[in-house]
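Taken together, the values in this text are just the output of simple stated rules run on the coordinates, not laboratory data. If you're wondering where the values come from, they're calculated on a predicted model, not measured in any experiment. Note: ideal-geometry Cβ built from the backbone for every residue, glycine included; neighbour counts use all protein chains shown.
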Amino acid sequence: MTDAAQASATRPPFRGRIARTLAELGIAESLTNLLLPAASALPVAPATDRDVWDGIDETTRAALLDSATADLGTPWPVPLARDAARYHRDGNREEYERAVFRRQERVSRAVVAAALTGADVWLDEAADGLWLLCEQSTWCWPAHDDTRQRHGAVLATVTDPFLDLGAGELVAQLAWADHVLGDALDARYPGLRTRIRHESWVRVFEPFLRRQDWHWIGLERPPHNWNPWIHGNVLVAALRLLDDDPDMRARVIELVVDGLDRYVSALPEDGAIDEGYAYWWNGALRALEALDVLEHATGGRARLTERIGALRETVAFPHRCHLGGDWYLNLADGQARPTLDQPWHALHRAARAVGDHEAQAHAATHRDPLAPAATEISGLGRLLRGITDPLWRDARSLGSPLPRDVFWPSTEVLVARGAAGSAAGLTLAVKGGNNDENHNHDDVGEVIVARDGVPVLIDAGRPTYTAVTFSPQRYTLWPMQSGWHSVPVIDGAEQDHGAQFAAADVDARVSDDASTMSLQLAGAYPPGTVSSWVRSAALDRATGTVSIVDSWTPGVPAVQHLLVAGTVRLETGGACVTPIEGAGDVRLRWSGGEARLSVRTLDDPLLREVWGESVTRIEIPAGSHGESRITVELVRAEAEEVR
């Protein structure tokens, strides 16, 4: 046994949902003996299978070849030392990561172009890119590297590589490229595949086996989205690249399955993700994709997804978060209008696996037959899976299901709309939970309201990530503070952060007449701020209105905050809001004193992309009498009123 393998043996095995399901299937002890040979272990046909590659639809083929052709003869993106060091100097991580992402996207385009055509020009382009990746000083993104803490360095220490999201993505990209182009690379560039295996061992497999202090495994606290993202990529790489050492291949995969089990076992039964919709794609979906690969690699024996209830439920999470159009419920570091360039084919495939027709329909609404079936933005593996999936290629939109009510007990989040299948009118979302969730914002008790699917009372979401974002100074950033969420300021105090600052007595009730959630907010504030603060938010389906009612004791002074996107015009006892994106007007009414508006100009590109130039905070003095009521109602157009 190698030193690395010996070190890995010190991790105690985990017996969670995956281990129990494998035992029920009778393959717990023999899983790695079921693995297919490396050449057939990944669920994509190699370029030698011309039936598959000649069958790629013309729209996808043309788009990818056009993009790849535009790359030819241009300089390859180069990650620079000065940009890597910027993370430690001024907190900027975007410049370095942009160069890395652009380089890897170009490699993906070249690999697919070579598979589509078999032409030497594309094999040369792919080989250039793969060689550059092997030569790249580090595969880890500087924002994640622990080299500063361990070695006092601002640049990666190549003798002590850190296995992060970036390294996982890159090693999987090399594995997918090796799998698809292996024979052609051997013929034209003998030795390149050996180099790929060497670098993958040094930078990924050896550290993965040697170190047991990876924070993303989930040994000391519940695992977050890094766990399935990295483990899934290591799984792909081990299946293909450890082809010369079956024992080591089996050992790595045993540890991968153990690690994935920790994530899957922590996933709540209702399938909710406390990081929110935006992180589902690189959290729960990564777990679903990894288990799909494992099922293929075991010849279909390890069929886990359909047997584990939390995985079946999480397939529904995206459409349950859908507000309408391009808008989604965003909590934590999510974006209310995330990029639509997601791997919808992966959701479609997972929905097919568990028989969730609503989730499948939601995914299919994003299959435009006039657009490529997938893009390189989400990585080579996802690109390959998307363009070679005939059921996704032929999928057609049936409309998003837009369920009337959803309540996730695990995260204490309620979403309610007027009627199932329609975004018309008001949609209400209320959040309980605590202030130590993954990618947390101090937002216990926040209320989000959308009109016609467009958020009006909003959660701003995350700004561009910098060194401050995940540092002890995180809550100096305004989007993370409760003062910039639609929750009260109580006796001058905002909410504090930590697991102990949480909602209590959460009670969600839904009926044909109304959907309501009440919760105790006092525990989210510093001790001694208030004895009791009960918030109740309701959607009344008969009137189409939303009400937010607060009552508290003792009668300490409070100010209600409402964060709004759109144009706000104060009126006596309320305000009229014209939302963004052309949604109809909304009228707010409240009890309390004369409100004040604080307009925050948005200089962050991610926030401006979603909300425009500014957002507005309405500050409503609620007095100290212990009661407050806010209502939200539609302002109907004259034609609607006449009807």
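Summary table below
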{"item": "Normalised alpha carbon radius of gyration of segment 405-642 [divisor 2.2 N^0.38 Å]", "result": "0.97"}
{"item": "Selected from 116, 398, 248, residue furthest toward positive end of dipole (the chain; charges at beta carbon)", "result": "248"}
{"item": "Local electrostatic count at residue 410 - Lys and Arg +1, Asp and Glu -1, tallied over other residues with Cβ under 9 Å", "result": "-4"}
{"item": "For segment 1-145, radius of gyration divided by Kirkwood radius, i.e. Rg to Rh on alpha-carbons", "result": "1.09"}
{"item": "Unit charges on C-beta of K, R, D, E only; dipole of segment 405-642, Debye", "result": "180 debye"}
{"item": "Potential extension, residue 146-residue 531 segment - 0.36 nm per residue separation minus Cα distance", "result": "134.3 nm"}
{"item": "The chain: calculated mean residue ellipticity at 222 nm from DSSP helix runs of at least 4, using -39500 (n - 2.57)", "result": "-10500 deg cm²/dmol"}
{"item": "Total formal charge among the other residues, if their Cβ is under 13 angstrom from that of residue 610, Lys/Arg +1 and Asp/Glu -1", "result": "-4"}
{"item": "Extent along principal axes [Cα atoms of the chain; Å; largest to smallest]", "result": "79, 54, 53"}
{"item": "Neighbour-count ranking [beta-carbon atoms within 10 angstrom, fewest first] of 535, 50", "result": "50, 535"}
{"item": "FRET E, pair residue 59, residue 420, Förster distance 35 Å, beta-carbon r, rounded to 0.05", "result": "0.60"}
{"item": "Per-residue Cβ neighbour rank within 10 angstrom, fewest leading, 596, 20, 451", "result": "596, 20, 451"}
{"item": "Qualifying GluC sites (Glu not before Pro) in segment 1-93, DSSP loop, other Cβ atoms within 10 Å at most 11", "result": "29"}
{"item": "Packing-based exposure ordering (other Cβ within 10 Å, fewest first) of 317, 101", "result": "101, 317"}
{"item": "Dipole magnitude of segment 3-393 about its Cα centre (Cβ charges: Lys, Arg +1; Asp, Glu -1), debye to nearest 20", "result": "520 debye"}
{"item": "Net charge of neighbours whose Cβ lies under 12 Å from the Cβ of residue 30, counting Lys and Arg as +1 and Asp and Glu as -1", "result": "-1"}
